[in-house]
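**Student:** Quick one: the structure is below, and I'll ask about it shortly.
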Amino acid sequence: MRKLTGVFLAFLALVVVVQVLLVRRQAGAPAQNPPEGKIVSLAPNLTGLLFRLGVGDRLAGVTNYCDDPPQAREITSIGDFLNPNFERISSLHPQLVLAESWSSSRSVQRLRQLGLVVREVPSPRSIAEIERLIVLVGEIVGASGEAHALIQEMEQRIEAVRQRGKAFARPPRVYLEIDLPTWTIGGPSFTSEAIELCGARNVFADLELGASQISAETVVQRDPEVIVSFVATRREIAGRPGWSGITAVREGRVIDDFDENLLSRANHRIVDGMEAFQTALLRAMGQDPPSGGPDGGED
């Protein structure tokens with residue numbers, strides 16, 4: 001009887017283990033992530049982060065938009081997250097597909113139906129959430145030590161940015177144009193937070209959405225002192241009806257050559273973006289960056 005009981009308990013334990021593994025697989029967590037397993041990345045910010053964590057050599061596929069670092073362009077393209085080439089992804093035989101969680105996409109469901117292991121990670125809305133993303137990705141790919149070291153470096157640089165921001169007597173009012181016509185960022189976004197950590201004030205921080213389209217008349221009414229546009233030139237902005245009276249236009253504080261990826265991709269390079277933005281902002285306001293300060297954060 002004791003022998004039968006032992007066999008039954010062993011069998012029951014095996015069943016529990018199998019059930020746990022199946023649940024983890026259905027939830028998108030890999031039952032076992034081989035240290036050198038191939039990865040397909042479905043987002044530019046994740047691709048850049050994987051390189052920074054030292055596992056870029058494991059990437060077998062990336063999206064059309066994965067261009068940072070430059071060597072990412074040499075990796076097989078699988079389309080984009082909303083319209084990936086499922087057959088191509090499957091043919092790469094990845095041990096892991098890494099994706100951001102988007103409720104509007106059914107790509108992850110389809111990839112799992114193909115038998116692929118997919119891990120979805122949250123899409124950050126704050127710098128703290130970017131740091132949590134870095135920790136999570138580090139755990140997924142076996143680079144936790146590198147992830148924690150990276151966050152420590154980021155926090156030191158962010159604090160330096162915060163201190164340099166005190167050079168402004170008061171926060172300059174900034175309008176950031178991310179797309180046409182007059183799309184901008186609201187308060188619940190890591191980009192808005194980054195701008196304010198630099199010592200500036202987002203004139204549309206009161207908007208409840210991370211990104212919103214506002215009217216040209218509203219921009220005029222809020223009278224930003226600095227305009228940063230990812231999509232229009234100084235000449236185009238100055239030629240908009242009614243915009244010639246905006247302080248930023250009148251005083252020549254329109255920045256049209258900023259690398260938008262530095263402030264729009266949710267990974268470690270947000271700090272590069274903050275340093276570069278703060279440098280551009282100080283110069284636009286007629287203040288030289290502190291000696292020895294960052295000059296764009298390229299690395």
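The values are calculated or read from the model by the stated rules, or taken from the named source; none is laboratory data. Predicted, not measured: the structure shown is a model, and the values here were computed from it. Cβ sites come from the backbone with ideal geometry, for glycine too, and all protein chains shown count toward neighbours. Accessible surface areas use protein heavy atoms only, side chains included; no ligands, DNA or RNA. Shrake-Rupley method; radii C 1.70, N 1.55, O 1.52, S 1.80 Å.
**Student:** Stick to the Cα atoms of region 158-299, pair each with every other, and give me the Kirkwood hydrodynamic radius in Å at one decimal.
**Tutor:** About 15.0 Å for region 158-299.
**Student:** Moving on. Explain nothing, just compute: Karplus ³J(HN,Hα) = 6.51 cos²θ - 1.76 cosθ + 1.60, θ = phi - 60°, for every residue of region 81-98 in order, whole Hz, x for Gly and Pro.
**Tutor:** My calculation for region 81-98 gives 5, 6, 9, x, 8, 4, 5, 5, 4, 4, 5, 7, 6, x, 7, 8, 10, 10 Hz in order.
**Student:** Here's another thing I want to ask about it. Which order, highest average first, do 226-238, 183-195 follow once you tally other Cβ atoms within 10 Å for each residue and take the mean per peptide?
**Tutor:** Ranking, from highest mean packing down: 183-195, 226-238.
**Student:** Here's a follow-up. Students often check this: by mean Cβ neighbours within 10 Å, which of 39-47, 59-67 ranks highest, and how do the rest follow?
**Tutor:** Highest mean packing first, the order is 39-47, 59-67.
**Student:** Ordering Asp272, Asp259 by accessible area with a probe of 1.4 Å, largest first, what comes out?
**Tutor:** From most exposed to least exposed: Asp259, Asp272.
**Student:** With +1 assigned to the C-beta of every Lys and Arg and -1 to the C-beta of every Asp and Glu, and no other charges, what is the dipole magnitude of region 78-175 about the Cα centre in debye, to the nearest 20?
**Tutor:** Taking the Cα centre of region 78-175 as origin, the dipole is about 480 debye.
**Student:** Ok, one more. Please report the net charge: other residues with Cβ closer than 13 Å to the Cβ of Gly79, K and R +1, D and E -1.
**Tutor:** Result for the local shell: 0.
**Student:** Here is a follow-up. Report the normalised scattering of region 226-274 as log10 I(q)/I(0) at q = 0.21, 0.22, 0.26 Å⁻¹, calculated by the Debye formula with identical scatterers on the alpha carbons.
**Tutor:** These q points yield log10 I(q)/I(0) values of -0.71, -0.74, -0.88.
**Student:** Next question. Rounded to two decimals, what is Rg over Rh for region 110-232 when you use alpha-carbon atoms and the Kirkwood radius?
**Tutor:** My calculation puts Rg/Rh at 1.08.
**Student:** If you put +1 on each Lys and Arg Cβ and -1 on each Asp and Glu Cβ, how big is the dipole of region 232-275 around its Cα centre, in Debye rounded to 20?
**Tutor:** 220 debye
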